[in-house]
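S.K.: Here you go, one structure.
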Amino acid sequence: MLRSLRIAPCLVAVLMLAASARAQLGQPPPPQPPARPPSQAPAQPDIGSDTIADSRIATNQQKDWHFIGHVEFPIDKDTKIYADDVKYTSDDDMAFATGNVTFAQGSNRISAERAEFNTKESLGTFYNATGIMTVKPPSRPQAPRPGAIAPPAVPGQETSVIFFGEKIEKVGRKEYKITNGGFSTCTQPTPRWDLHAGTVVLKVGDYTVLKQAVLTVKGVPMLYLPIMAYPTKKEDRATGFLIPAYGVTSLRGQSIHDAFFWAIDRSQDATIMHDWFSKVGQGVGGEYRYNYGATGNGFLNAYMLNQHEATYVQPDGTTTISDPGRYFQVRGTTSETLPGNVRVRGNVNYFSSITTSQTFNTSIFDAASNQRSIGGNIVGAWGTYTLNGTLEHTEYFYNATDSSLSGGWPKVAFSRNERPLFDSPVYFSVGTEFAHLLKDSNFSGVDANSSLTRLDLSPQIRYPFKQWQWFTVNTTLGWRDTYYTRSLDPVTGSVADDRLNRRFFSLQSQIVGPVFNRIWDTPDNEYAEKFKHSVEPVLTITKTSNVDNYDRIPVFDGTDSFVGGTSFTYGVNNRFYAKRHLTPGAPAQAREIVDVELTQTYLTNQNAAQYDQQYQTTSYGHQPPEHFLPIALSVRVMPTNDVNATMRAEFDSRYHSLRTISASGGYNFGTYLQTQVGWSKRAFIAELPDFNDPAHLDQSLNASANAHTKDNKYGTIYSFTYDVLNGTMVQQRVSGFYNAQCCGLAMEYQAYNYGSASLAPIPADHRFFLSFTLAGLGNFSPMNGALGGVPR
C-alpha cells in the first residue's frame, strides 16, 4: 500500500494529491456485498416509541414531537442523533437539535452546537461543528526501489480524518460540504497540521476538494493554494502529485525532488518525476509498473539528467570545471507467460555515462558498478524437450573511455532431458547450442573485435550406482563436437577468420562415500533433542581425450575450456544436523546447522590449470600451468533462522600462502533489528602472477544495521564500507525516521569517498536528504536511490 500527499507551485490552478498506491499490483478487486432488494430495506424507526429522552411532548395527533433531556433520536439502524433538545415535524421529516448535538453514523461522528436534519433523506446541516471519520488502507507493504513509490510506515492502520467548520452540510451519505473550515488527520487535541479553506467538499472514498486552502503546521501558515484536491479514499491508489523530498550534496548542490503518480488501473501505474539541482541543472524521469499475476509482471524506469557546467573548489584551493551534457539511464525487467508453455523474460540496465552513473547514484552497489547490460530470455518445455534462447549484451568499463563487450547475441540451446535408455538404469540426454558470442574491446581508441559464432553438440549417457545410501557413484560418458567460425592465431594470439572444429570424449565419475554418520540423543538439551554428524568423502574423476588444438580456441565460457587429460577433485564434507522443535507444538525437524567443505583438484595436464573455472582465484585468466590447484575451504553456519555465517578461503598449495578469503554473517533480533557484516581480502604472493601486482590487491569491510520499533514509529539504518588496505572509509550512510499518527519525518546522510582514481570532479561527496509525510500518506524515493529502505 502506499499513500501520498502531493504539492505543486501556487501558479497551478488545481492541485491534486495522490493516495495509497498498492504495493502489489494485479490483485482482484474485493468482493462487493449483494444489493439489498427493495423489499428488504430497513424499516424506519417509530419516532415516538423509539426515541429515548428524559421527557417528551407530542402534538399534531402525535405526529410532531418535542424531546427534552439526554435525547437519543434514531434516524435509521446505523444513524442516531444525540442532543439536549430535539424537535421533530412529520410534515417535512425535519429534526431540529440543539445543545451538545452529536450525529453518529457507523464509525463517523459530527458534533455541533445545533443541527437541522432531514430524517427521511438522512441529510442535514450542522453549525459550529467538528467531525471525524476513518479510512482503512490496504494491509500489505512493499520495500521501495530507488525511484519507486515508498510504502507507509504502518500497514493496515486506520487513518482518522477530523474536519471542522462554521457550517457542515451533509449533502449525501458519504459527502459533506464545509464552510469556513477544514480538516486534518491529526487526532491530537492540538493537531500538528491542518488544512483551512473557505469551502470544502469532503467525499468519503473519493477526493476532498478545497477552495482558498491554507496549509498550517503548528498554527503557522505554510502554503496557500486557490484550489486543491486531497484523497480520502478507501481504495488502494489515486492519481496525483507526491510529497516532494529535499536534498543537498557537495556535487550537485541543493535539490528538490517532485513526482506525479498515475493510477492507470488495478494492474498498472506510472510515476513521472522531476529533480532540480541548484549546481548542475535538472533531471526528469518516470517509472511504469504492471502486474497481471501469473501471466506477467515488470517495470521500466527511465531518467535523463541535463547537466550544465559547474565549478568545484578542490582541497588544495584549485578549481575544477565539470563538462556539461545530457545523461540518461534505463532500468527495467519483464516476465511474461505465453501460450504453449513458453516463458519470456527481459532486462535492461543501461546508462550513457559511467562517470555520471557512479556519481549520481547513492547506492554503493550502483556507485561501484562498472557495467551496463541489455538482455532477454525465452524458455519453452514440451515433454522431455527444452528450448532456451538468450540475448545478452554486457559492456564493462575500465575508465571513462576504455571498455570491453561480452555476451551472446543470440544463444539458442535445444536439449532432450535425461530419460532411461530402453527401460534400463542408463540415462541418455543430448544438448545442442547455436551461439553468436560477443567479445569486443576498445582501449585508447583501438578496437579489437573477437566475436565469433559457435555450434555445439553434446550427447551423453549416465549410469547412477545408488544401491547403498552410504556410497554412491554417478558415471557419465559424453562426446562433444564444437565448430567455431574464428580461431586464435598461434603466432599473434589474436582472433583470425580461420574456422576450427574440436571433438573429444569425456568420462566422469562422481563418488560420494563411504559416508560415516554418528547420532547423539540429547532429550534434555534445550537447543535440540538430537544431533547428527555426517562425514562425506568426495572424489570426482574426469578423463578427457586430448584436444590438440586447444590453444587456438578463444575462451568465452566453460564450453571452450577443455584441454585434455585427467583431473581428480577430492575432498571431504562435514555436515552437522540438529533436530529441533522449530514451531511450538509441531514435531521436531532436522536442519543442517554447520557445513564444512574442503576440496582440491589435481590435473595430469598442467595446461588445464590456465582454463579452470572451479575456483575463484583461477578465473582471472593469469593462472600459471601447474598440477595442483588451490585448496578451497568453505564453511556455512546457520544454528537458527536469526543467525547465519559463511566463510570461504583459497590457499595456494605451491607457495603455501593464502590467496583469498571472504567471510560474512548476519543476526536478526526478531523484527526489531537486522544486521549484516562482510569482510574480504586478496593477498600478495610475490611468485604468483596476478597476485604480485599491488594494483590487484584489496581488503574491505562492510556492515549494515536496521533497527526499528515494532510499529515502525522510530527507526534508523546505518551502513558503511571501509577499505582496510588503504585505511579509507569508502562510504557511510545513516538514515532515520519518525512516524506519528498523523505525520512523519525521514532523513538520510551519506559521506562518499570517490578516491584518487575516481572520475568525479571532487574527491568526496556529502549528501543529505529530507522528506515529510502526513498521516502515513507515503511519498517516493528519488531516482538516485536516496531514502531507499526508509519506511514513511
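S.K.: Name, by its number, the condition in (1) open to solvent by 40 Å² or more (accessible area, probe 1.4 Å); (2) touching a residue at least 24 places away in the same chain (Cβ under 8 Å) that does not hold for residue 692.
M.R.: Single failed check for residue 692: (2).
S.K.: Can you tell me which residues in segment 563-590 are touching a residue at least 12 places away in the same chain (Cβ under 8 Å), among the hydrophobic types (A, V, I, L, M, F, W, C) and open to solvent by less than 60 Å² (accessible area, probe 1.4 Å)?
M.R.: Within segment 563-590, 563, 572, 578, 588 meet the criteria.
S.K.: Going residue by residue through segment 359-379, is there one that turns out to be farther than 30 Å from residue 732 by Cβ, aromatic (Phe, Trp, Tyr) and out of contact with any Gly (no Cβ under 6 Å at 6 or more places or on another chain)?
M.R.: Scanning segment 359-379 turns up no residue that is farther than 30 Å from residue 732 by Cβ, aromatic (Phe, Trp, Tyr) and out of contact with any Gly (no Cβ under 6 Å at 6 or more places or on another chain).
S.K.: It is to be established whether one or more residues within segment 277-284 are within 30 Å of residue 310 (Cα to Cα) and without any contact (Cβ under 8 Å) to a residue 24 or more places away in the chain. Break it down into steps so the answer makes sense when it comes.
M.R.: From segment 277-284, those within 30 Å of residue 310 (Cα to Cα) are 277-284; that's our starting set.
In the following step, the residues that additionally are without any contact (Cβ under 8 Å) to a residue 24 or more places away in the chain were identified as 284.
Taking every residue of segment 277-284 in turn, at least one turns out to be within 30 Å of residue 310 (Cα to Cα) and without any contact (Cβ under 8 Å) to a residue 24 or more places away in the chain.
S.K.: What do you reckon, is residue 205 touching a Lys or Arg at 6+ places or on another chain (Cβ under 7 Å), loosely packed, with under 14 Cβ neighbours inside 10 Å and small (Gly, Ala, Ser)?
M.R.: yes
S.K.: Let me ask something else. Would you mind listing the strands (runs of 3 or more DSSP E) fully within segment 191-270 where at least 1 residues are in contact with a His (Cβ under 6 Å, 6 or more places away or on another chain)? First the steps, then the outcome.
M.R.: Values: elements: 193-203, 206-217, 220-232, 245-249, 253-265.
It comes to 206-217, 245-249, 253-265.
S.K.: With the structure loaded, tell me whether residue 376 is in contact with a strand residue (DSSP E or B) (Cβ under 7 Å, 6 or more places away or on another chain) and of a type outside the set (S, T, N, Q) or whether it fails that test.
M.R.: Taking the combined requirement at face value, the residue satisfies it.
S.K.: Which of the residues spanning segment 523-539 are within 38 Å of the chain's Cα centre (by Cα) and of a type in the set (A, V, I, L, M)?
M.R.: Listed by number, the list holds a single entry, 528.
S.K.: Identify all residues within segment 334-390 that are of a type in the set (A, V, I, L, M, F, W, C), over 19 Å from residue 402 (Cα atoms) and open to solvent by less than 30 Å² (accessible area, probe 1.4 Å); write none if there are none.
M.R.: Once the filter is applied, which keeps residues that are of a type in the set (A, V, I, L, M, F, W, C), over 19 Å from residue 402 (Cα atoms) and open to solvent by less than 30 Å² (accessible area, probe 1.4 Å), segment 334-390 yields 342, 360.
S.K.: Here's something else I'd like to know. Among the residues of segment 47-92, which ones are of a type in the set (D, E, K, R), open to solvent by 30 Å² or more (accessible area, probe 1.4 Å) and assigned to a strand (DSSP E or B)?
M.R.: 56, 72, 76, 80, 84, 85, 87, listed by residue number.
S.K.: Right, something else. Could you please find all residues in segment 93-119 being farther than 17 Å from residue 133 by Cα, assigned to a strand (DSSP E or B) and touching a residue at least 40 places away in the same chain (Cβ under 8 Å)?
M.R.: 117
S.K.: Looking only at segment 726-766, filter to residues that are open to solvent by 30 Å² or more (accessible area, probe 1.4 Å) and within 30 Å of residue 161 (Cα to Cα); which one of those is modelled with the highest pLDDT?
M.R.: Among those residues, the one meeting the criterion is 747.
S.K.: Next up: Could you grab the pairs with beta carbons closer than 7 Å, sequence gap of 6+ or different chains, first residue in segment 173-195 and over 15 Å from residue 205 (Cα atoms), second one part of a loop (DSSP other than H, G, I, E, B) and open to solvent by 30 Å² or more (accessible area, probe 1.4 Å)?
M.R.: Hits for this filter: 184/191; 186/192; 186/741; 187/741; 192/218.
S.K.: Another question, then. In the set 651, 684, which member is part of a loop (DSSP other than H, G, I, E, B), over 21 Å from the mean Cα position of the chain (by Cα) and within 30 Å of residue 630 (Cα to Cα)?
M.R.: Only one candidate qualifies: 684.
S.K.: Would you pick out the residues in segment 441-499 that are small (Gly, Ala, Ser), free of Cβ contacts under 8 Å to residues at least 40 places away in the same chain, under 13 Å from residue 554 (Cβ atoms) and assigned to a strand (DSSP E or B)?
M.R.: Listed by number, the residues that qualify are 441, 496.
S.K.: I need the full set of residues from segment 522-559 which are open to solvent by 30 Å² or more (accessible area, probe 1.4 Å), farther than 29 Å from residue 609 by Cβ, part of a strand (DSSP E or B) and among the hydroxyl-bearing types (Ser, Thr, Tyr), in order please.
M.R.: none
S.K.: Since residue 314 meets every condition but one in (1) under 30 Å from residue 763 (Cβ atoms); (2) surrounded by 13 or more Cβ atoms within 10 Å (Cβ to Cβ), which condition does it not meet?
M.R.: It fails just one condition, (2).
Listed here are the residues, each with its yes/no results for (1) under 25 Å from residue 716 (Cβ atoms); (2) surrounded by 15 or more Cβ atoms within 10 Å (Cβ to Cβ).
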| position | (1), (2) |
| --- | --- |
| 625 | no, no |
| 629 | no, yes |
| 637 | no, yes |
| 652 | no, yes |
| 662 | no, yes |
| 666 | yes, yes |
| 669 | yes, no |
| 673 | yes, no |
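S.K.: Sticking with this one: Mind checking whether some residue in segment 321-329 is within 30 Å of residue 729 (Cβ to Cβ), surrounded by 15 or more Cβ atoms within 10 Å (Cβ to Cβ) and of a type in the set (Phe, Trp, Tyr)?
M.R.: Looking through segment 321-329, at least one residue is within 30 Å of residue 729 (Cβ to Cβ), surrounded by 15 or more Cβ atoms within 10 Å (Cβ to Cβ) and of a type in the set (Phe, Trp, Tyr).
The values are calculated or read from the model by the stated rules, or taken from the named source; none is laboratory data. The shown structure was predicted, so the numbers you read here are calculated from the model rather than taken from an experiment. With ideal geometry, Cβ positions are generated from the backbone for all residues, glycine too; neighbour counts draw on all protein chains shown. For the accessible areas, the whole protein counts, side chains as well, though only heavy atoms, and no ligand, DNA or RNA atoms are used. Shrake-Rupley method; radii C 1.70, N 1.55, O 1.52, S 1.80 Å.
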